[in-house]
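Everything on this sheet refers to the single structure shown next.
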Amino acid sequence: MIYKKNKLIIDSFDVGFLARKFKTPIYCYSLKKITDNILNLKNHFKKINPLICYAVKANANLGILKEIKNHNLGADVVSVGELMKALRAGIKPQKIVFSGVGKTATEIEYAVGKNILLINAESKSEILEIEKIAKSKKKIVNIGVRLNPNTDAQTLSQISTGKKENKFGVDQKIFLQLVSYLKKSKYLNLKCLSVHIGSQILSHKPYQNMLKVVDKIIKKSDHKFEFIDLGGGMGIDYAHDNSKLDLKKYSKNIEKFLKTNNCKIIFEPGRSIVGNSAILITKIIYIKEGYKKD
């Protein structure tokens, strides 16, 4: 956004004009900023060539999802509603990952019916539910298991998801037990190891530590994972002090990881794609004079 002759401009549009045309309050998204954010990710991770699955929970606006699809991105969903929206936007099922701790049997059944890329399971009980549904449909379902790597994301405690006290994923011991169980399953195909350590991460070091844990657990599991889903959590500059994640260093860490692990990387960015792309346009209706402020 810039000011031109005392007019606030977003993507060449006068904000005042938008307010008059569409009435207020209204959210206005910069397609240019969303595109720039996507290209920035793609350029920094060019050597890795990851499957980027946009985290729909960040913003499920159908117009935005269609633009996400136009950039050949996939989707990370955490509910059947998000899955339906992603499909409606034209995102291919084979680019959709279903994550989250609270999937119902109905949601799992719907996802299985749509032949999506992966269902990332969070527990043994969820795996048994997916297996039961797969058996009833006589289908082999591709799944991932989410590991809790006990890694501090160095972010707000309320949005930390990768420490042992957090509810997400399973610890290393249970993870290895689940790998053994899934190797014998007739209806589940273990394709992915999934991790996600938190949100609004501004340092590459937590990711570096996470990759070390993932590397060790892969070796212990003695299983060939086709995908490693590294989640999202890439932070943005809210304070306007240029504090941002060093994507170049993170990319180098992953390149090092891939030298000993032949797999496809999945990312689930949300905030880093849309979080700084919007403005909320409002209008002053009345001015009320107060004791210390108006």
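The values are calculated or read from the model by the stated rules, or taken from the named source; none is laboratory data. Note that the coordinates shown come from a computational prediction; the quantities given were computed from them, not determined experimentally. In this analysis, Cβ positions are derived from the backbone assuming ideal geometry, glycine residues included, and neighbour counts consider all displayed protein chains. Each accessible area value is taken on the protein alone, full model and side chains, heavy atoms only, with ligands, DNA and RNA left out. Shrake-Rupley method; radii C 1.70, N 1.55, O 1.52, S 1.80 Å.
Residue 29: accessible area at probe 1.4 Å, nearest 10 Å²?
Number for this one is 70 Å².
Using a Gaussian network model of the chain with C-alpha springs under 10 Å, which one of 104, 282, 151 is most mobile by mean-square fluctuation?
Highest fluctuation among the options: 282.
Sorted by accessible area with a 1.4 angstrom probe, largest first, how do 260, 35 fall?
Values: 260 95, 35 30 Å².
Putting 260, 35 in descending order of accessible area: 260, 35.
So for 241, 222, what's the accessible-area order with a 1.4 Å probe, most first?
Working: 241 95, 222 125 Å².
Accessible-area ranking of 241, 222, largest first: 222, 241.
With an 8 Å Cα cut-off and a minimum separation of 6 or more residues, compute the relative contact order for the chain in percent.
The normalised contact order for the chain reaches 21 percent.
Have a look at 235, 198, 209 and report the one farthest towards the positive end of the charge dipole of the stretch 181-245, computed about the Cα centre with Cβ charges (Lys/Arg +1, Asp/Glu -1).
So the residue we want is 209.
Please calculate the 1.4 Å probe accessible area of residue 20, with all protein chains present, and give it to the nearest 10 Å².
150
Once ligands and nucleic acids are excluded and a 1.4 Å probe is used, how much of residue 82 is accessible, expressed in Å² to the nearest 10?
About 30 Å², rounded to the nearest 10.
Before rounding to the nearest 500, sum -39500 (n - 2.57) across all DSSP H runs of length at least 4 in the chain and divide by the residue total; then give [θ] at 222 nm in deg cm²/dmol.
Here the helix-only value at 222 nm equals -11000 deg cm²/dmol.
In what order, largest first, do 146, 88 sit by accessible area if the probe radius is 1.4 Å? Numbers along the way, then the final one.
Values: 146 25, 88 170 Å².
Accessible-area ranking of 146, 88, largest first: 88, 146.
Using a cut-off of 15 Å between beta-carbons, work out the net charge of the residues near residue 178 (Lys and Arg +1, Asp and Glu -1, residue 178 not included). Numbers along the way, then the final one.
Working: positive: 124, 146, 173, 183, 184, 191, 220; negative: 122, 126, 129, 131, 171, 222.
Value of the local net charge: +1.
Among 104, 120, 24, flag the residue with its Cα farthest along the positive direction of the charge dipole of the stretch 1-130, charges on Cβ as +1 for Lys/Arg and -1 for Asp/Glu.
Farthest towards the positive end: 24.
Using a Förster distance of 25 angstrom, determine the FRET efficiency expected from the C-beta separation of residue 49 and residue 11, and round it to 0.05. Don't skip to the answer; put the middle values down first.
Details: r = 29 Å, r/R0 = 1.18.
For R0 = 25 Å, the calculated efficiency reads 0.25.
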